[in-house]
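One structure is given below, encoded as structure tokens.
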Amino acid sequence: MTAQWDTVTIVGVGLIGGSAGLALAKRGAANKIIGVGRSDSSLAAAKELGAISEGTTNIREGVADADFVLVATRVSVIGDQLEEIDACVRPGTPITDAGSTKQSIVDRWEQRRSSRTGQFVGSHPLAGSHQRGPQAANPTLFEGKLTVLTPVESTPKVDTEAISAFWQQIGAQTCLLSPLEHDQLLASASHAPHIVAAALATATPREAHRFTAGGWRDTTRIAAGDPDLWADILLDNAKAVTAQIENFTEVSDQLRHAIEEGDRSTLIKLLTLAKESRDALGS
């Protein structure tokens, strides 16, 4: 199989970056996969797993000869890293990220689009885990999963196609949303659920833990995610997240009122609406 890229650079070799590297290696899609990490130990772990073929802690060295760059770091640093990457890549190099928020990242890039060297389109793969680090990487993580691309009006179609081709190469399906649409929809589908899981986990007394079963554990699983990472996501998408918390609070108040009043009819109606919404997703 002929490799699609000679050199792919992945900035951040944790779960997402490491999984992308493993998927590229599994498919023979790149001749060389360079990992850029914060520590030699994480790079060594990623190389031992086969997620990268070589590594460096110097982002400028790592991207200088890249044919494609994926930034898979936390949202609070992606903007600064894109600036550094753009100063070093060859003209026309496709660049994307894997951040869980998009508006602030894309806005910053677009402020200087006319003088950019690389060709950036934002991405968000809807695949992940509460686990972290290269040890959690999985070459099949993206297979059949959706990745959202967030081009804007000024984004050339060929740039969007190049980024879409990357994600499809490692098994993902792709769709397009504006950065604003992405952040509003993901506030409901991803960010607010973390708030709900965190609230339930926090509100449950420790003495009740021995009695928890599948329901509590399934509902709170994502609360085990990295607090620093999630604080960045929630603060970066604060407006949409707080709006969704208000929606959740309104429904919670309706449920509480029905229970307090012994209103079985309303309670069943609300629980039925919830069941229908969940059933619509399938298993």
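The values are calculated or read from the model by the stated rules, or taken from the named source; none is laboratory data. Not measured: the values here are computed from a predicted model. In this analysis, Cβ positions are derived from the backbone assuming ideal geometry, glycine residues included, and neighbour counts consider all displayed protein chains.
Are there any pairs with C-beta distances below 6 angstrom linking a residue in segment 99-128 that is in the same structural domain as K157 (by TED's automatic domain parsing) to a residue that is part of a loop (DSSP other than H, G, I, E, B) and charged (D, E, K, R), with the two at least 6 apart or on different chains, and if so which?
Pairs that qualify, where the first residue is in the same structural domain as K157 (by TED's automatic domain parsing) and the partner is part of a loop (DSSP other than H, G, I, E, B) and charged (D, E, K, R), are G122/K102; L126/K145; A127/K145.
What number of residues within segment 190-208 satisfy the criterion of being small (G, A, S) and in contact (Cβ under 8 Å) with a residue 60 or more places away in the chain?
Counting residues in segment 190-208 that are small (G, A, S) and in contact (Cβ under 8 Å) with a residue 60 or more places away in the chain gives 1.
Would you be able to say whether some residue in segment 256-271 is in a helix (DSSP H, G or I), of a type in the set (S, T, N, Q) and within 30 Å of S104 (Cβ to Cβ)?
No.
Would you check if P125 is modelled with pLDDT of 95 or more and more than 16 Å from the chain's Cα centre (by Cα)?
When the stated conditions are applied, P125 does not pass them.
Working carefully through the options V63, V77, find the one that is under 19 Å from A98 (Cβ atoms) and surrounded by 22 or more Cβ atoms within 10 Å (Cβ to Cβ).
V63
Residues checked against (1) out of contact with any Leu (no Cβ under 7 Å at 6 or more places or on another chain); (2) under 20 Å from V36 (Cβ atoms):
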{"site": "T73", "(1), (2)": "yes, yes"}
{"site": "E84", "(1), (2)": "yes, yes"}
{"site": "V89", "(1), (2)": "yes, yes"}
{"site": "Q111", "(1), (2)": "yes, no"}
{"site": "A136", "(1), (2)": "no, yes"}
{"site": "L141", "(1), (2)": "yes, yes"}
